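In what follows, a structure is listed as structure tokens, so that the remarks can point back to it.
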Amino acid sequence: MGLWFSLFTVVILVLLVFMGVGVVGLNSLFGILIPYAALLIFLVGVVYRVGKWTKAPVPFRIPTTCGQQKSHPWIKANNFESPSNTFGVLVRMALEVLLFRSLFRNTRAELRADGPRVVYGGTKWLWLAGLAFHWSFLLILIRHLRFFTEPIPFFVNLVASMDGLFEIGVPTLYVTDIIILLAVTYLFLRRVVIPQIRYISLAADYFPLFLILGVALSGVLMRHFYKVDIYKVKELATGLFSFHPLVPEGIGLAFYIHLFLVSTLLAYFPFSKLMHMGGVFLSPTRNLANNNRMRRHVNPWNYPVKVHTYEEYEDEFREKMKAVGLPVEKE
Amino acid sequence: MNNRIIIIAGLIIFLCLITFPIWYNVVGGKAAYAPELKIVSEEKQCVESTKYMRAKHMQLLNDWRNSVVREDKRTYTALDGKKYDMSLSNTCLKCHSNKADFCDKCHNYVEVTPTCWNCHVAPEGNKL
């Protein structure tokens with residue numbers, strides 16, 4: 001259900017461009033207005049949602065740990081898996097954000113016929129595809145800066161030349177283009193083929209996958225098959241980013257399809273699970289130091305508890321205590 | 001516990017990074033720049049139509065190279081039936097002798113680094 005709905009929606013989006021740009025000729029709508037609106041929704045939406053998260057109180061430390069916590073000096077502590085200080089948290093977060101450490105631990109239970117017995121094993125495919133996908137996406141984004149900036153910063157060419165190291169074909173085939181297509185395809189097939197994951201997959205899972213697949217595919221097709229005039233593409237892009245928008249004639253329909261799918265992705269971003277981009281930094285099970293036994297964390301909305309200390313008690317009853325012969329601390 | 005300051009700092013860093021093209025173009029001030037290509041030839045048309053050449057000149061040159069170097073076929077028949085000698089130095093550069101104002105302008109603008117000059121002797125500036 002969710003699968004067909006998502007696929008159908010992406011197909012409709014592409015057809016919209018065919019109609020809007022190809023037939024009606026609404027180039028400035030698809031080339032200027034929609035990208036601007038999408039960028040605005042993206043920025044405001046992300047700020048709004050992260051802003052909402054800042055208001056969420058975190059009263060307790062709830063890190064998930066998978067290593068020895070800091071205790072006695074003769075017990076070796078694992079500061080990255082059970083961090084006791086900020087440095088440990090920083091390393092742990094870096095491993096999580098850059099290398100998807102927790103996904104690396106993904107395990108799978110399997111019922112073996114002999115016995116029968118349950119066997120647990122590591123399964124790294126999700127981690128591998130996820131990592132390949134995210135890093136490719138980042139490198140592709142950096143590569144795109146050649147269309148967005150003038151003069152082009154040095155690192156863009158560095159990334160592009162590494163990416164096209166094999167110099168296959170003209171224009172050069174980028175490795176990340178191939179990797180992202182394979183990885184997204186795997187991430188999609190996994191949702192369809194594995195019954196348990198298919199059962200929990202919703203439109204909100206399929207739609208971003210199809211959308212990103214559409215973005216990547218339209219980009220690759222545009223680079224290698226349905227040529228567009230990248231000189232004019234850059235004019236349009238730098239025009240957008242410097243707030244002097246213009247729509248050069250004759251860029252090619254493939255570009256508008258690519259741009260519209262990217263705009264949709266940007267506008268959809270704040271409303272979707274894609275917000276895990278910001279959310280990963282705010283995972284309380286990851287970003288809190290495991291120092292519950294070293295420090296007292298007081299719940300900030302605890303009402304002040306009325307206490308009656310022993311000193312006060314003794315002050316109140318000192319004479320009576322003395323009278324019955326009870327020992328007192330202060331005479 | 002509330003880490004409002006850290007989160008807001010992170011958000012600001014993110015916004016700075018994501019809006020890099022905007023402030024880079026605004027600060028750099030060359031955003032409206034688009035190179036003008038100079039054509040210094042009397043000829044009315046290139047080997048193929050302008051539209052074709054703009055989109056596919058790199059593939060055409062690649063095909064030429066493969067054809068000449070690997071198959072020893074040196075004559076190109078254009079879509080309109082005209083025949084050309086497949087040669088970068090003798091055919092292309094005959095009209096487009098101004099590498100700096102023609103090839104490089106566009107290639108630099110969109111950061112393309114063609115491998116033509118790995119083998120061919122590159123014209124210096126606009127001179128053959």
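Observations
- Ligands, DNA and RNA left out, the 1.4 Å accessible surface of the stretch A:2-295 is 72% carbon and sulfur atoms.
- Using a 1.4 Å probe over protein heavy atoms, the accessible area lost on pairing B with A, summed over both chains, comes to approximately 3500 Å².
- Inter-part distance where the stretch A:281-314 and the stretch B:49-109 are each reduced to a Cα centre, Å: 75 Å
- For chain A, hydrophobic long helices are taken as DSSP H runs at least 24 Å long by C-alpha position along their axis with mean Kyte-Doolittle hydropathy of -1.0 or more; these are A:34-54, A:125-143, A:175-193, A:203-224.
- Each residue, A:MET294 and B:LEU61, gets one label point 7 Å from its Cα in the Cβ direction; the gap between the two is 6.1 nm.
- The modelled label-to-label distance for the pair B:LEU15/A:LEU128, using points 7 Å beyond Cα in the direction of Cβ, is 4.1 nm.
- Total lysine pairs in the stretch A:2-295 at Cα distances under 29 Å, for residues eight or more apart or on different chains: 4.
- Computed over chain B, the range of Cα coordinates on each principal axis works out to 77, 31, 29 Å, biggest value leading.
- The stretch A:229-259 versus the stretch A:51-100: alpha-carbon centroid distance in Å: 46 Å
- Protection proxy ranking, peptides A:119-128, B:98-107, average beta carbon neighbours within 10 Å, highest first: B:98-107, A:119-128
- At a probe radius of 1.4 angstrom, the accessible area of chain B per residue rounds to 68 square angstrom.
- Heavy-atom accessible surface of chain A, averaged per residue, reaches 60 Å², computed with a 1.4 Å probe.
- Once the partner protein chains are put back, the stretch B:100-128 shows a loss of at least 40 square angstrom of accessible area, versus the chain by itself, at B:TYR109, B:VAL110, B:GLU111 (probe 1.4 Å, ligands and nucleic acids excluded).
- Percentage relative contact order, chain B, counting C-alpha pairs under 8 Å, at least six apart: 24 percent
- Helical content of the protein assembly as shown, expressed as a calculated mean residue ellipticity at 222 nm, amounts to -16500 deg cm²/dmol (DSSP H runs of 4 or more residues, -39,500 (n - 2.57) each, divided by residue number, nearest 500).
- Principal-axis analysis of the Cα atoms of chain B puts helix B:4-18 at an angle of about 20° to the longest axis.
- Solvent-free Debye scattering, log10 I(q)/I(0), computed from the Cα coordinates of the stretch A:2-295 at q = 0.12, 0.16 Å⁻¹: -0.96, -1.42
- Hypothetical label at A:ALA203: residues of the stretch A:269-305 whose amide nitrogen lies under 16 Å (7 Å Cα-Cβ projection): A:269, A:271-273
The values are calculated or read from the model by the stated rules, or taken from the named source; none is laboratory data. On a predicted model such as this, the values are computed, not experimentally measured, just so you know. Here the Cβ is made from the backbone with ideal geometry for all residues, glycine too, and neighbour counts use every protein chain on show. Each accessible area value is taken on the protein alone, full model and side chains, heavy atoms only, with ligands, DNA and RNA left out. Shrake-Rupley method; radii C 1.70, N 1.55, O 1.52, S 1.80 Å.
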